[in-house]
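No lab work stands behind these numbers, since they all come straight from the coordinates. The model shown is predicted, which means the values in this text are computed figures rather than measured ones. Note: ideal-geometry Cβ built from the backbone for every residue, glycine included; neighbour counts use all protein chains shown.
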Amino acid sequence: MAHIAIIIAPKDFRDEEYFEPKKELEMAGHTTITASIVIGTIQGSRGKTTTAQIRIHDITPNNYDAILLVGGSGSYVYDDDAELHHVLKQFADTNKYITAICHAPVILAKAGVLVGKNATVFSGDIPALLSHDVHFLDQPVVTDGFIITANGPSSATAFGRVVATALASE
């Protein structure tokens, strides 16, 4: 099965957008590891905690089959993060799955990996996608090739299932 790196903010990631997809992926037999710009215990915006085991710079397409970016108010820290953008471009260049939920598709757009692609995003971030030549679709979960996006916490479980299914078919 697949190995997925889940990227969370160093604080205030959206709990449901982390825990629900992680659960779906692991129930499907996939392996996950949590990464951030810091290692250690991190608290989500709704009070749950998890542990980031690796740093973002430790993620390469050679070691992981997919990358999943979690949204939430803390995820804005990655909008202009050159290190994460570099990792995302590596995944895009090697046709590995790049997945993101809520605000996180904006990070993909700013990294340049969504140009000309169909995607969805949290409603307040639609202008940011459009300004980066992304085709916005008003759907809970959107798949375009190796890119899977979701629009927010209410779509977290469905997002996890779509990602798990896509990875199982590889």
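Summary table
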{"quantity": "Residue list for segment 12-40, filter: crowded, with 19+ Cβ neighbours inside 10 Å, in contact with a Ser or Thr (Cβ under 7 Å, 6 or more places away or on another chain) and over 17 Å from P153 (Cα atoms)", "calculated": "T34"}
{"quantity": "Output for segment 144-159, where each listed residue is of a type in the set (A, V, I, L, M), surrounded by 21 or more Cβ atoms within 10 Å (Cβ to Cβ) and not in a strand (DSSP E or B)", "calculated": "A156"}
{"quantity": "Residue list for segment 21-51, filter: under 20 Å from Y78 (Cβ atoms) and either in contact (Cβ under 8 Å) with a residue 40 or more places away in the chain or part of a helix (DSSP H, G or I) (or both)", "calculated": "P21, K22, I37, T50"}
{"quantity": "Check on I7, under 11 Å from the mean Cα position of the chain (by Cα) and either touching a residue at least 24 places away in the same chain (Cβ under 8 Å) or closer than 20 Å to Y97 by Cβ (or both)", "calculated": "yes"}
{"quantity": "Qualifying residues in segment 51-65 (those that are touching a Ser or Thr at 6+ places or on another chain (Cβ under 8 Å) and among the hydrophobic types (A, V, I, L, M, F, W, C)) - the one surrounded by the fewest Cβ atoms within 10 Å (Cβ to Cβ)", "calculated": "I54"}
{"quantity": "Which numbered condition T99 misses (of (1) in a strand (DSSP E or B); (2) closer than 19 Å to I59 by Cα; (3) free of Cβ contacts under 8 Å to residues at least 60 places away in the same chain)", "calculated": "(3)"}
{"quantity": "Some residue of segment 116-123 being surrounded by 23 or more Cβ atoms within 10 Å (Cβ to Cβ) and of a type in the set (S, T, Y)", "calculated": "yes"}
{"quantity": "Matching residues in segment 114-170 - criterion: being without any contact (Cβ under 8 Å) to a residue 24 or more places away in the chain and in contact with a Leu (Cβ under 6 Å, 6 or more places away or on another chain)", "calculated": "F136"}
{"quantity": "Residue within segment 96-107 that is surrounded by fewer than 18 Cβ atoms within 10 Å (Cβ to Cβ) and in contact with a Phe, Trp or Tyr (Cβ under 8 Å, 6 or more places away or on another chain) present", "calculated": "no"}
{"quantity": "Residue identified as out of contact with any strand residue (DSSP E or B) (no Cβ under 9 Å at 6 or more places or on another chain) and either part of a strand (DSSP E or B) or within 20 Å of D15 (Cβ to Cβ) (or both) among D125, D133, D138", "calculated": "D125"}
{"quantity": "Subset of segment 129-143 that is of a type in the set (A, V, I, L, M) and surrounded by fewer than 19 Cβ atoms within 10 Å (Cβ to Cβ) - its residue that is nearest to I98 (Cα to Cα)", "calculated": "L137"}
{"quantity": "Unique residue being outside any loop (DSSP other than H, G, I, E, B) and within 18 Å of H3 (Cβ to Cβ) when the list is A109, A166", "calculated": "A166"}
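For (1) in contact with a strand residue (DSSP E or B) (Cβ under 6 Å, 6 or more places away or on another chain); (2) closer than 23 Å to S154 by Cα, each residue gets a yes or a no:
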site: P10; (1), (2): yes, yes
site: I42; (1), (2): yes, yes
site: H57; (1), (2): no, no
site: P61; (1), (2): no, no
site: V70; (1), (2): no, yes
site: F91; (1), (2): yes, no
